[in-house]
Every structure is written in C-alpha cells, then in structure tokens.
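K.L.:
Sharing a structure with you now.
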C-alpha cells in the first residue's frame with residue numbers, strides 16, 4: 001500500500017496512486033472537467049497518513065531539514081523513492097535541480113521577502129517542475145508538456161535539459177520575448193499559439209493526450225500544487241517555526257497560493273504549527289477572477305489583460321481551491337492596477353535591490369496598498385512571495401528605463417564637473 | 001597592527017592599510033600608472049600573515065566553513081571586522097548579499113561546472129562587490145563608482161540598492177540592452193560613454209577622483225582581485241580538498257583568473273593544498289591580448305571586437321598579474337571565435353540546462369576545443385567557470401533563436417497530428 005492517496009477537491013472521492021498514475025489520469029475520473037474558459041473541476045489533492053507521520057517524526061526533527069531539498073522528506077511527497085525507476089543516479093543528478101538555499105531575508109522591520117528568483121530557471125515554478133520530473137521518471141515517461149505564460153515553460157524546458165528529457169511547451173503569442181527565448185534556448189519544442197494562455201492550455205491538453213506526453217499543466221496535474229507546497233516548509237524551517245502573520249502571494253491560476261496553503265495545512269495536521277498565516281492573494285485588476293469570485297461567489301470569464309503576464313488568466317484553473325485556501329487561512333484577495341505593479345517593481349528594485357518581474361512585484365504592490373489603507377494589524381510580521389526574476393521580462397523594465405543619453409568622455413566630464 | 005598589508009605586484013614595495021586606504025590610493029604610489037589603452041602598472045596585492053594563520057587554523061577546520069559566506073574567515077579578508085563601522089547591523093544585512101550556496105555540480109563524468117549565475121545579481125562579479133561594499137562602509141564612503149561592460153556595473157548597482165548606497169556606473173554605448181536596463185532598474189546613476197570599455201574605464205577614474213567616490217574599477221581597486229578569490233575557497237571546501245586538474249576561466253581584464261589563482265596560492269601557502277590546478281584562460285579571438293602576451297612577451301593594443309562583451313578588453317587592466325597566474329599554475333591561454341562561443345552557449349543550454357551569457361560560455365568553448373585536439377590529459381578532472389547568466393544578454397540568445405511561427409490552435413493540432 002502506498003503512503004499517499006488522491007482525493008477529489010470537489011466530490012471527495014478517493015483514489016489510489018495506481019488508479020490515477022498508471023492510467024495517466026489527472027482530474028477526478030468521476031467529476032473532473034476541463035472546459036474552455038472555465039476553472040477546472042475535480043482537481044485532485046494528495047493526502048498522506050498524517051497520524052502515522054506524526055508518530056514517526058517530530059516538528060523539532062523536521063526543522064533540522066535543510067531548505068530547498070525536498071528529498072529529505074519523502075514521506076510528504078507522492079513518490080516511491082525506493083522505486084528503482086528513481087534510481088540513485090537520478091537522486092545524484094538532483095543536485096542540478098536544487099532550489100535556492102536562502103530565499104528569505106528582511107528588507108524592513110517586520111517585512112521579509114521570500115526571494116525565489118534564484119532558482120535553477122529563476123522562478124518559483126521550479127518547485128513544481130522538480131517534483132513533476134521525478135514523477136515522470138518514476139512512471140517511465142521521457143516527454144513532458146506544459147502550457148505556460150512563460151515561467152512554467154522555461155522551468156520545464158530548463159530542468160528537462162538538465163536531465164536529458166524532451167519538453168513541449170505551448171505558449172500564447174504575446175509571451176514576453178525574454179521568456180520565449182529562454183524556453184527555446186533550453187532546446188524545448190515550442191508552440192506559439194495565436195490566442196490567449198487559456199487557448200494554449202486547452203491545446204496542450206488535447207495534443208498531450210494524443211501523443212502520450214506527461215502533462216505539467218498547472219492545477220490539472222495535481223503534482224503542480226504538491227510541488228509548490230515546499231515553500232511553506234521552507235518558511236517553517238528557516239523561521240524556526242515562527243511564522244509570519246501575513247503572506248502576500250501573486251495569484252493567476254491560483255496554484256502557488258493553493259500549494260502554500262497545502263504546505264501549512266499539513267504542518268497543522270502534523271501538530272507542528274497552531275495557525276496558518278493569513279494568505280493574501282494579489283491579482284492584477286485586468287485579471288481578477290478570484291477577487292470577484294470571493295466577493296460574489298460567482299465565476300465569470302473576462303479575457304485577461306495585464307502587463308503581469310505570469311498572473312494573467314481569465315479562467316484561473318485552480319479557482320475553487322485557491323478561494324478555499326484564502327478563506328480558510330482567514331486571508332483575502334485584492335487587486336492592483338498595472339501602474340501600481342510597475343511602481344512596485346521600481347520600488348522593490350531601487351529600494352531593496354530585488355529585481356522581480358511584474359507578476360512577482362504584485363505582492364509588494366498589494367502590501368503597499370493595504371499598508372497605506374491601514375488595513376494590516378499593527379506590528380504584524382509580513383512576508384512577500386517574489387516568484388520570478390525581472391530579467392525574464394526585459395520589455396516591462398524598459399517601460400520605466402529610457403535609454404540614457406550617450407555622450408563623449410569630454411562631454412561627461414563637463415556634465416559631472 | 002593590521003592583519004594584512006598591500007604589496008606592489010611590480011616593484012614589491014609594501015604598504016600598510018592606513019597608507020593606502022586612508023589616502024584613497026589604489027595603485028602603487030611609487031610605480032603605479034593607469035594609461036589610456038594600456039594594462040595597469042603597480043597593481044597592489046593584499047597579503048596576510050600566513051604563518052600565523054597556519055598556526056591558528058587547520059585545513060580541516062577551514063573545510064567546515066559553509067560555501068558563499070566569506071565572513072566566516074575574516075583573517076583572510078582585508079577588513080577590520082571588529083571595527084565598529086562594519087557594525088553588527090551591517091553583518092546582519094549581509095544575508096542580502098549571500099552568494100549562491102551550491103554552485104558546483106557534475107555535468108559529465110570528470111566535468112564539473114562552477115555556476116555563479118545564481119548570485120544576487122546573477123554574475124561572478126558579486127564576489128568582488130560584496131567585499132568592496134564592506135570596505136566602503138568601513139572607510140565611511142557611501143558613493144561608489146565603477147566602469148563596466150555590464151556585469152560589474154549591475155552587481156555594484158544591485159548590491160548598493162540592497163544597502164541604500166549610491167552607485168555611479170560608466171558603461172560603453174554598445175552595452176547589451178538587458179545589462180543596461182538591469183543597472184538602471186537598481187536606481188544607479190548611469191553614464192553611457194560614446195566609446196569603448198577602455199574609454200569608460202578612464203573616464204570613471206577621472207570623475208571618481210574629483211568627486212571622492214570610492215572606485216570599484218576592476219584591477220585598479222585591489223579588493224576586486226581579493227573578492228574574486230573566494231571561488232577558489234568554495235572549490236576547496238565543496239570538493240573536500242580534492243581539486244580539479246584544470247579550471248577553464250573566461251578572461252577579459254584578467255581579474256577573475258588572478259583572483260582564483262590568489263585563492264589557491266593562499267591555500268598552498270597555508271599548507272592546505274599541494275598544488276594549484278592548471279588555470280586555462282579563455283579569451284575571444286577579437287580580444288586576445290593575454291594570449292598574445294603569453295606567446296610573444298609583448299602587449300599590443302588592438303581595439304576589442306567580440307560578441308562576448310564581458311571579456312571584451314583591448315587593454316586587459318590586469319594583464320601582468322593574469323599572465324603570471326596562468327604561468328605559475330602551469331596553465332595556458334587560448335582563444336576561441338565568436339562562433340565557437342555561440343555554439344558553446346547553445347550546447348551548454350540545450351545539453352545541460354545551463355543558461356550562460358556568451359563570455360561565460362567561452363570556458364566551455366575552450367574546453368571543447370582542447371578536448372577535440374586531444375590536448376587534455378586523459379581522465380583529468382575539469383571544472384568550467386560559468387560567470388554570468390544568459391538572460392543578462394538576451395540579444396545574443398536571439399542570434400540563434402528565431403521567433404517560431406504563430407499558428408492557431410487548429411493549425412497546431414493538424415501540424416502535430
């Protein structure tokens with residue numbers, strides 16, 4: 001018997017790993033649907049025997065784990081690490097996949113950032129990709145696909161290149177040039193779709209099914225959520241159990257916030273923490289389906305339109321789980337304008353030397369907004385998730401960095417005298 | 001009495017830190033010259049009391065240091081760490097400056113890379129900048145300048161932003177756009193010079209002297225060499241004393257190779273290693289002054305012309321020390337064409353998932369060349385220094401990544417069926 005099971009987020013039906021993984025199933029076989037321009041239904045959660053783990057491992061022991069090395073806690077991962085398909089060789093190769101080891105630091109009193117821009121492909125997405133690739137190796141598939149606004153694609157492409165696996169990336173035509181070029185440079189097969197991210201998402205599902213490629217589409221593949229929980233563990237470990245009060249998280253499809261929630265929820269199940277930090281989902285005004293859902297209880301598709309490409313999703317695929325994660329943490333969701341995002345990007349870079357892409361800067365924009373409105377409890381500890389590097393989208397940086405004048409040495413000497 | 005002293009590389013005159021630092025002197029007061037389009041003369045080395053250190057610290061103890069945290073060995077740094085100007089507060093801020101913690105991994109049998117593309121500003125230059133900034137704080141200056149082809153500038157700009165220090169960056173007009181934008185984003189003052197890097201170098205010296213800015217110009221400021229030695233320590237620590245036989249290093253001004261040599265030379269002085277790895281300097285064919293100097297014993301200025309902007313230097317400022325470092329390590333220097341560099345960049349990215357800028361790819365190009373010529377001893381252990389991230393120069397990546405066709409979902413389905 002396996003140490004984990006799959007459970008449908010919507011209808012609560014449970015499945016063994018064999019039932020799901022051996023049949024290349026991603027959504028709940030009973031109620032799962034992936035419709036055009038709609039959130040997914042039947043997204044699967046992965047659960048472990050928390051009572052058993054609690055008996056075997058203490059919080060104090062867990063706190064001794066190093067940051068960024070998920071293979072130190074196989075009992076909280078959906079992998080058969082003893083399975084010889086993930087051989088010792090593979091595990092030795094994992095040094096190539098290591099996440100950043102010290103993502104968290106203070107930028108002001110009571111204000112920390114979680115800087116995931118120094119991962120192998122410079123984004124948070126490497127957390128999910130790590131796990132996806134190990135699973136693909138375990139089930140014996142060596143071609144993996146993903147739809148992406150850029151980061152998931154470059155993450156999959158980059159890590160596949162490190163391990164000699166073929167990748168197929170479906171992207172919308174308006175992808176920032178730097179991200180497209182990053183994906184291509186890693187030698188991935190890239191498919192530029194004349195449409196939105198939502199269109200690329202659907203196309204990727206179709207083609208991957210026909211081709212038998214393992215699919216990394218976010219939320220659709222439950223391991224994306226599972227991989228993204230590791231930052232919650234990293235926060236727990238690095239803060240020695242003293243969690244922040246608020247965590248600001250950029251939200252597009254809603255998978256990162258669901259993953260972070262899942263990580264904390266598990267720590268609570270295990271009795272290692274008492275309370276989950278308040279998760280504040282930050283969306284762009286032009287892509288705010290989750291903000292609207294939380295206020296009205298209804299989902300309505302509106303074509304996304306924002307400079308923050310990584311959180312641009314008209315139909316957040318993991319909407320229901322993300323909304324639940326926010327509510328259960330006693331948090332909320334807010335939206336910020338593109339202008340506020342660019343202002344935040346500028347401030348983060350110039351004030352703190354943190355060069356984040358627009359989507360990642362949204363967390364700082366949201367924090368600034370709430371702080372200016374006095375909507376944060378005083379003296380509370382805040383953490384901002386910084387999920388992608390600024391150089392992944394140079395065109396956005398160009399918007400507020402005009403090329404300076406070129407002058408001869410003599411002219412400069414005069415100018416500066 | 002201080003625990004270190006300055007010694008002229010050329011005339012061997014020794015100076016106390018007070019004589020040099022308190023007078024804002026950089027080159028040897030006796031013989032130093034910084035002439036247009038010439039290597040510097042009178043570059044200063046920093047030396048420690050190795051006999052004393054040897055008595056107090058063993059190699060085994062040193063091997064227990066963590067990687068990327070230079071402040072664990074203050075006795076090998078030119079800083080008065082007890083000096084209250086580098087206060088505890090500053091040291092706490094150093095978490096923001098941390099270098100990558102696991103730069104080294106295998107990509108093939110007997111072939112390792114030292115991947116410094118995940119440092120705070122994504123290049124090797126952060127090693128020097130770390131130290132420069134600590135020194136500036138110690139001597140009480142809060143404006144720092146540098147001439148740069150891009151990486152030194154973005155490193156100084158980024159780390160200054162993290163600590164609230166003003167930076168002034170002088171760059172040639174042909175700087176890659178991504179690097180320029182990175183520098184500007186950090187809020188630095190940027191001066192675009194209608195000329196070459198050599199011109200920007202001279203202008204920066206002039207203006208900084210007048211303005212009283214602390215100058216980070218590479219080689220000119222002896223702490224640049226000193227900061228860059230830390231990778232030798234990191235190699236020693238991470239390999240538990242088992243050093244590679246060859247290290248391939250991209251060479252422009254010759255400061256990185258001199259720094260790496262210095263680190264190993266010190267480990268040898270301390271009796272912790274027997275032999276310095278053979279250092280192989282790799283230059284671009286259009287910027288090969290050190291290759292020519294080593295073969296003819298003469299320096300001739302030729303305007304540099306290469307796609308590898310970070311190693312583009314007609315007059316390598318640290319030529320003499322670099323040449324000595326290569327010879328004393330029993331290594332040599334070779335040149336590679338721009339085409340070989342781009343081919344190497346492509347192979348590194350697609351085969352190994354390592355996205356390096358052209359200059360950093362030169363080390364792989366050099367290795368490939370020598371291997372194909374059977375010019376490396378069999379079964380020797382090789383390490384490649386990867387000194388800057390590929391996304392710092394997107395335009396070079398564009399050269400071999402055409403934009404793919406945009407197709408509708410239906411067209412893609414047909415294409416892929």
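K.L.:
Across segment B:163-177, which residue is nearest to residue B:224 (Cα to Cα) among those that are touching a residue at least 24 places away in the same chain (Cβ under 8 Å), surrounded by fewer than 22 Cβ atoms within 10 Å (Cβ to Cβ) and facing another protein chain (nearest Cβ under 9 Å)?
P.N.:
B:163
K.L.:
A follow-up question, please. Test of understanding: among A:388, A:314, which residue is surrounded by fewer than 22 Cβ atoms within 10 Å (Cβ to Cβ), in contact with a helix residue (DSSP H, G or I) (Cβ under 7 Å, 6 or more places away or on another chain) and under 24 Å from residue A:260 (Cα atoms)?
P.N.:
Result: A:314 is the single residue among A:388, A:314 that is surrounded by fewer than 22 Cβ atoms within 10 Å (Cβ to Cβ), in contact with a helix residue (DSSP H, G or I) (Cβ under 7 Å, 6 or more places away or on another chain) and under 24 Å from residue A:260 (Cα atoms).
K.L.:
Of the residues in segment B:247-278, how many are in a strand (DSSP E or B) and in contact with a helix residue (DSSP H, G or I) (Cβ under 8 Å, 6 or more places away or on another chain)?
P.N.:
Residues in segment B:247-278 being in a strand (DSSP E or B) and in contact with a helix residue (DSSP H, G or I) (Cβ under 8 Å, 6 or more places away or on another chain): 4 in total.
Listed here are the residues, each with its yes/no results for (1) crowded, with 24+ Cβ neighbours inside 10 Å; (2) within 14 Å of chain A (Cβ to nearest Cβ); (3) in a helix (DSSP H, G or I); (4) in contact (Cβ under 8 Å) with a residue 40 or more places away in the chain.
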site	(1), (2), (3), (4)
B:179	yes, yes, yes, yes
B:208	yes, yes, yes, yes
B:223	yes, no, yes, yes
B:236	no, no, yes, yes
B:241	no, no, no, yes
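K.L.:
Residue by residue through segment B:344-362, note down the ones that are over 10 Å from residue B:390 (Cβ atoms) and either more than 13 Å from chain A (Cβ to nearest Cβ) or not in a helix (DSSP H, G or I) (or both).
P.N.:
The answer is B:353, B:359, B:362.
K.L.:
Next question, about the same structure. Among A:105, A:191, A:186, which is at pLDDT below 95, within 11 Å of another protein chain (Cβ to nearest Cβ) and on the phi < 0 side of the Ramachandran plot?
P.N.:
A:105
K.L.:
Sticking with this structure for a sec: Taking residue A:355 and the conditions (1) free of Cβ contacts under 8 Å to residues at least 12 places away in the same chain; (2) under 18 Å from residue A:118 (Cα atoms), which numbered condition does it fall short on, given that it satisfies the others?
P.N.:
If we test residue A:355 against (1) free of Cβ contacts under 8 Å to residues at least 12 places away in the same chain; (2) under 18 Å from residue A:118 (Cα atoms), just (1) comes out false.
K.L.:
May I pose another question? Scan segment A:21-48 for residues that are crowded, with 18+ Cβ neighbours inside 10 Å and assigned to a loop (DSSP other than H, G, I, E, B) and jot them down.
P.N.:
Passing the criteria: A:26, A:27, A:28, A:32, A:34, A:39, A:40, A:42, A:43.
K.L.:
Mind checking which residues of segment B:275-310 are farther than 26 Å from residue B:390 by Cα and touching a strand residue (DSSP E or B) at 6+ places or on another chain (Cβ under 6 Å)?
P.N.:
Within segment B:275-310, B:277, B:278, B:294 qualify.
K.L.:
State whether one or more residues within segment B:147-161 are in contact (Cβ under 8 Å) with a residue 24 or more places away in the chain, at the interface with chain A (Cβ under 10 Å from one of its Cβ atoms) and farther than 30 Å from residue B:305 by Cα.
P.N.:
yes
K.L.:
Please tell me if residue A:415 is surrounded by fewer than 20 Cβ atoms within 10 Å (Cβ to Cβ), out of contact with any helix residue (DSSP H, G or I) (no Cβ under 7 Å at 6 or more places or on another chain), in a helix (DSSP H, G or I) and on the phi < 0 side of the Ramachandran plot.
P.N.:
yes
K.L.:
Looking at (1) modelled with pLDDT of 95 or more; (2) in contact with a strand residue (DSSP E or B) (Cβ under 8 Å, 6 or more places away or on another chain); (3) closer than 18 Å to residue B:37 by Cβ, which is the only condition residue B:313 fails?
P.N.:
Failed condition: (1).
K.L.:
Would you mind telling me which numbered condition in (1) within 7 Å of another protein chain (Cβ to nearest Cβ); (2) in contact with a strand residue (DSSP E or B) (Cβ under 9 Å, 6 or more places away or on another chain); (3) buried (at least 20 other Cβ atoms within 10 Å of the Cβ) residue B:204 fails?
P.N.:
Tallying (1) within 7 Å of another protein chain (Cβ to nearest Cβ); (2) in contact with a strand residue (DSSP E or B) (Cβ under 9 Å, 6 or more places away or on another chain); (3) buried (at least 20 other Cβ atoms within 10 Å of the Cβ), residue B:204 fails exactly one: (1).
K.L.:
Moving to a separate point now. Please specify each residue of segment B:130-162 satisfying the condition of being buried (at least 24 other Cβ atoms within 10 Å of the Cβ) and on the phi > 0 side of the Ramachandran plot.
P.N.:
B:150, the sole residue that qualifies.
K.L.:
Right, next: Scan segment B:363-378 and tell me whether some residue there is more than 9 Å from chain A (Cβ to nearest Cβ), part of a helix (DSSP H, G or I) and within 16 Å of the chain's Cα centre (by Cα).
P.N.:
Within segment B:363-378, one or more residues are more than 9 Å from chain A (Cβ to nearest Cβ), part of a helix (DSSP H, G or I) and within 16 Å of the chain's Cα centre (by Cα).
K.L.:
Would you check if residue A:65 is within 14 Å of chain B (Cβ to nearest Cβ) and at pLDDT 85 or above?
P.N.:
It is false that residue A:65 is within 14 Å of chain B (Cβ to nearest Cβ) and at pLDDT 85 or above.
K.L.:
Continuing with this model, one more query. Looking only at residues in segment A:379-410 that are at the interface with chain B (Cβ under 8 Å from one of its Cβ atoms) and in a helix (DSSP H, G or I), which one is farthest from the chain's Cα centre (by Cα)?
P.N.:
Looking at residues that are at the interface with chain B (Cβ under 8 Å from one of its Cβ atoms) and in a helix (DSSP H, G or I), I get A:409.
K.L.:
Continuing with the same structure: Among the listed residues A:55, A:18, which satisfies the condition of being at pLDDT below 95 and not in a loop (DSSP other than H, G, I, E, B)?
P.N.:
So the residue among A:55, A:18 that is at pLDDT below 95 and not in a loop (DSSP other than H, G, I, E, B) is A:18.
K.L.:
Restricting attention to segment A:243-259, and to residues there that are closer than 20 Å to residue A:110 by Cα and in contact with a strand residue (DSSP E or B) (Cβ under 8 Å, 6 or more places away or on another chain), which single residue is surrounded by the fewest Cβ atoms within 10 Å (Cβ to Cβ)?
P.N.:
A:245
K.L.:
Can you tell me which of A:339, A:300 is over 22 Å from the mean Cα position of the chain (by Cα) and either in a helix (DSSP H, G or I) or at pLDDT below 95 (or both)?
P.N.:
Only one candidate passes the filter, namely A:339.
The values are calculated or read from the model by the stated rules, or taken from the named source; none is laboratory data. Quick caveat, the model's predicted, so the values are computed rather than measured. With ideal geometry, Cβ positions are generated from the backbone for all residues, glycine too; neighbour counts draw on all protein chains shown.
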